[in-house]
Amino acid sequence: MTQEDAESIVRQRIRGLRAARGWTLDTLAARCFLSPSTVSRIETGRQRIALEQLVAIAKALGTSLDQLVEPEGDDDVVIRPEPETMDGATFWLLSRERDRRGVTIGKMRITENRESPSSQVHPGYEWFTVLSGAIRLTLGTRTILVMPGQAVEFSTMTPHRIEAHQGTAEILTIFDHDGEQAHLPGRSQTRESS
């Protein structure tokens, strides 16, 4: 990537973050103590960006200088998940190891003949959406049938169990660290040792 390409990406990020906040050029300029015309020239490429301007703009936009100038590359884009099977469930990791958001994103295929897991309780949160089949979610004394296209988010301090209902089911799920340790103990140990 050339210096010109890198600067173009930074300019797009500045313009994109400003637009996402619904700010005008005047608003961003006031927040980073630059003139609106300077901000406009920076965004359009008619002016080179000085380091002190980048620092002020990043701070005004609520981001870090590192995130604003981070180079683009393909190694942070494509993930080739390898399935891991354990106790009647297959898991595909769809996020990077040690994800910076602190979550594990994965797809799970749960078979009906999976040995019924015991209810889990742990700090944190869980979220999933059913891709195919049906899921029987037990929350404390309640049982909820979750159908394809439906999403669920629930307190993990409530005893909970996720099972396939009348056949195989697939879900897209997000676990925080505590959820990963509770539901994917083998995966968590592998990640901690690496």
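The values are calculated or read from the model by the stated rules, or taken from the named source; none is laboratory data. Treat the numbers as computed from the prediction; the structure is a model and nothing was measured. Neighbour counts run over all protein chains shown; Cβ positions are idealised from the backbone, glycine included.
Across segment 123-171, what is the total count of residues that are over 23 Å from the mean Cα position of the chain (by Cα), part of a loop (DSSP other than H, G, I, E, B) and closer than 22 Å to residue 93 by Cβ? Residues in segment 123-171 being over 23 Å from the mean Cα position of the chain (by Cα), part of a loop (DSSP other than H, G, I, E, B) and closer than 22 Å to residue 93 by Cβ: 2 in total. Of all residue pairs spaced 6 or more apart or on separate chains, those with beta-carbon atoms under 7 Å, a first member in segment 127-142 that is assigned by TED's automatic domain parsing to the domain that holds residue 109 and a second member that is among the basic types (Lys, Arg) are 138/161.
Once segment 28-44 is narrowed to residues that are outside any loop (DSSP other than H, G, I, E, B) and aliphatic (A, V, I, L, M), the residue that is nearest to residue 63 (Cα to Cα) is 28. Screening segment 63-100 for residues that are modelled with pLDDT under 65 and part of a helix (DSSP H, G or I) and picking the one that is surrounded by the most Cβ atoms within 10 Å (Cβ to Cβ) gives 76. Within segment 48-62, the set of residues being surrounded by 12 or more Cβ atoms within 10 Å (Cβ to Cβ) and at pLDDT 90 or above comprises 53, 54, 55, 56, 57, 58, 59, 60, 61.
Answer with yes or no whether residue 9 is surrounded by 13 or more Cβ atoms within 10 Å (Cβ to Cβ), among the aliphatic types (A, V, I, L, M) and part of a helix (DSSP H, G or I). So residue 9 fits the description; yes.
Scan segment 5-25 and tell me whether some residue there is at pLDDT below 90 and polar (S, T, N, Q). Within segment 5-25, one or more residues are at pLDDT below 90 and polar (S, T, N, Q). Report whether or not residue 103 is at pLDDT below 90 and either over 29 Å from the mean Cα position of the chain (by Cα) or surrounded by 14 or more Cβ atoms within 10 Å (Cβ to Cβ) (or both). So residue 103 fits the description; yes.
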